[in-house]
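J.: Encoded as structure tokens, here's the structure I'll be asking about.
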Amino acid sequence: MLENKKFVEWANENIVVVIGHTQTDHPTEVEDAKGKKVTGCPLYKGMTCEQHRAIPGQCGNPGEGMPEVKSTNMMPNSWLVSPSGEVTKIEGADQQSGGKIEELVAEIQKAAGKHLSYKKYSKYLGSFEASDAALRGDKLKDAIKELAKVEKDAKKLPEGMKAEVTKRFDAINAKAVEALEAIKAGDAAVGVKAANKLKTVVGKRFKRGYLPVVDQIKAWLKEAKAAAK
């Protein structure tokens with residue numbers, strides 16, 4: 001199965017593959033790009049032999065909150081573990097059928113609800129990281145721009161991803177509120193100009209609407225202008 005390029009491409013986009021193999025009858029080194037021998041497994045690229053030998057024991061004795069997968073003496077043993085932790089054994093010849101495994105995964109994905117391909121998930125994570133970095137640097141416009149790249153797909157997102165968007169939406173709003181409070185604490189005449197600038201920066205409309213701080217800025221500007229008359 002791991003030599004089936006079509007299946008490997010599909011697996012990289014749709015599932016996380018975990019391999020447990022306790023045998024010690026194969027080399028534990030591979031050659032790097034320069035031809036130098038380095039630690040690695042020639043059977044399972046990207047893993048060390050120490051790692052794939054440890055996995056069966058870890059699956060049979062999982063950490064707290066993790067699903068238990070018990071191996072038998074028959075080989076191979078294959079399972080699918082759903083996002084909710086339900087374990088389904090793949091029977092007999094189905095273990096060697098990429099098409100059948102894809103069918104079983106499709107059933108699990110349908111039952112689990114909305115899901116993302118790895119490509120989309122990675123893209124969204126990149127936007128989250130960029131948004132977080134911009135917010136730490138007080139670059140509200142950039143933080144909003146990056147978050148909007150994910151938030152625009154709100155209808156397609158799983159609930160967990162929606163929660164991550166909301167967390168950042170709230171964090172950006174809180175940072176903007178801090179900026180508004182600093183403006184209000186200063187000179188009113190100078191503050192009006194600064195508040196208008198802040199409104200321009202945070203005034204991008206998300207799919208869910210504007211940041212709540214936008215209305216707060218508008219209300220303060222109205223008060224400040226009325227007081228100046």
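Nothing in this text is a laboratory measurement; each read-out follows from the coordinates by a stated rule. Quick caveat: nothing in here was measured; it's all calculated off a predicted structure. Cβ placement follows ideal geometry from the backbone for every residue including glycine, while neighbour counts extend to all protein chains displayed.
J.: Taking the convex hull of the Cα atoms, report for region 118-228 its projected area averaged over all directions, in nm².
T.: Result: 6.7 nm².
J.: What residues of region 78-110 lie in the reach of a label at Glu159, counting those whose backbone N is under 17 Å from a point 7 Å from the Cα along Cα→Cβ?
T.: Correct set: 82-86, 109-110.
J.: For region 40-152, just the Cα atoms, rotate onto the principal axes and tell me the three extents in Å, largest first.
T.: 58, 33, 31
J.: Same structure, new question: Using the Karplus equation 6.51 cos²θ - 1.76 cosθ + 1.60 (θ = phi - 60°), what ³J(HN,Hα) coupling, rounded to whole Hz, does each residue of region 194-211 give in order, writing x for Gly and Pro?
T.: 5, 5, 5, 5, 4, 4, 5, 5, 9, x, 5, 8, 7, 4, 7, x, 7, 4
J.: Taking the chain as the reference, fit the longest principal axis to its C-alpha atoms, fit the long axis of helix 98-112 to the helix C-alpha atoms, and give the angle between the two in degrees, 0 to 90, nearest 10.
T.: Compared with the principal axis, the helix lies near 40 degrees.
J.: Quick query: amide H of His21 versus all other amide H atoms, modeled in the peptide plane; which residues come in under 5 Å with a sequence gap of 5 or more or a different chain?
T.: Close amide H contacts, sequence-distant or interchain: Arg53, Ile55.
J.: Modelled label-to-label distance, Thr72 and Lys110, 7 Å Cα→beta-carbon offset: nm?
T.: 2.7 nm
J.: I would also like to ask the following. Check Gly203: other-chain or 5+ apart residues with amide H under 5 Å from its amide H, H built from backbone geometry?
T.: Amide H neighbours of Gly203, under 5 Å, 5+ apart: none.
J.: Return one number: the angle in degrees, 0 to 90 and rounded to the nearest 10, between the long axis of the Cα atoms of helix 213-228 and the longest principal axis of the Cα atoms of the chain.
T.: Here the helix axis deviates by roughly 10 degrees.
J.: With an 8 Å cut-off on Cα pairs and a minimum separation of 6 or more residues, tell me the relative contact order of the chain in percent.
T.: 11 percent
J.: Let me ask something else. In whole angstrom, note down how far apart the Cα centers of region 113-128 and region 67-92 are.
T.: 26 Å
J.: Say a site is exposed when it is one of the GluC sites (Glu not before Pro), sits in a DSSP loop, and has at most 16 other Cβ atoms within 10 Å; what is then the longest site-free stretch of the chain?
T.: So the longest stretch without any such site is 92-229.
J.: Can you pull the one-decimal nm distance between simple spin-label points at Glu178 and Val17, each 7 Å off the Cα toward Cβ?
T.: 4.5 nm
J.: Also, quick follow-up: Please report, in debye to the nearest 20, how large the charge dipole of the chain is about its Cα centre when each Lys and Arg carries +1 at its beta carbon and each Asp and Glu carries -1 there.
T.: My answer is approximately 1800 debye.
J.: Something else: Distance cut-off 23 Å, Cα to Cα: go down the list Lys110/Lys207; Lys120/Lys175; Lys120/Lys152; Lys6/Lys45; Lys152/Lys204 and report the pairs above it.
T.: The pairs that break the limit, which is 23 Å between Cα atoms, are Lys110/Lys207; Lys120/Lys175.
J.: Still on this structure: Let me check against my output: what whole-number percent is the relative contact order of region 118-228, with C-alpha pairs under 8 Å and at least 6 apart?
T.: 23 percent.
J.: With r as the distance between the Cβ atoms of Lys204 and Ala54 and R0 = 45 Å, compute the FRET efficiency 1/(1 + (r/R0)^6) and round to 0.05.
T.: For Ala54 and Lys204, the calculated efficiency is 0.40.
J.: Based on Cα positions only, what radius of gyration and what Dmax would you give for the chain, in angstroms?
T.: Using the Cα atoms of the chain, the pair Rg, Dmax is 26.0, 88 Å.
J.: From the phi of every residue in region 34-51, what ³J(HN,Hα) in whole Hz does the Karplus formula 6.51 cos²θ - 1.76 cosθ + 1.60 yield, where θ is phi - 60° and glycine or proline is x?
T.: Here the 3J(HN,Hα) series is 9, x, 8, 6, 9, 5, x, 9, x, 7, 10, 4, x, 10, 9, 5, 4, 5 Hz.
J.: Could you give each residue of region 54-68 its phi-based ³J(HN,Hα) in whole Hz, using Karplus coefficients 6.51, -1.76, 1.60 with θ = phi - 60°, and x for Gly or Pro?
T.: 7, 4, x, x, 5, 5, x, 10, x, x, 4, x, 9, x, 9
J.: Also, quick follow-up: To the nearest 20 debye, what charge dipole does region 5-112 have about its Cα centre, counting +1 at the Cβ of each Lys and Arg and -1 at the Cβ of each Asp and Glu?
T.: Magnitude of the dipole: close to 300 debye.
J.: To test your reading of the geometry: what angle, between 0 and 90 degrees and rounded to tens, separates the Cα axis of helix 5-14 from the longest principal axis of the chain?
T.: Roughly 40 degrees, rounded to the nearest 10.
J.: For the chain, what does the helix formula give at 222 nm: sum of -39500 (n - 2.57) over DSSP H segments with n ≥ 4, over the residue count, nearest 500 deg cm²/dmol?
T.: After summing the helix terms and dividing by the residues of the chain, the value is -18000 deg cm²/dmol.
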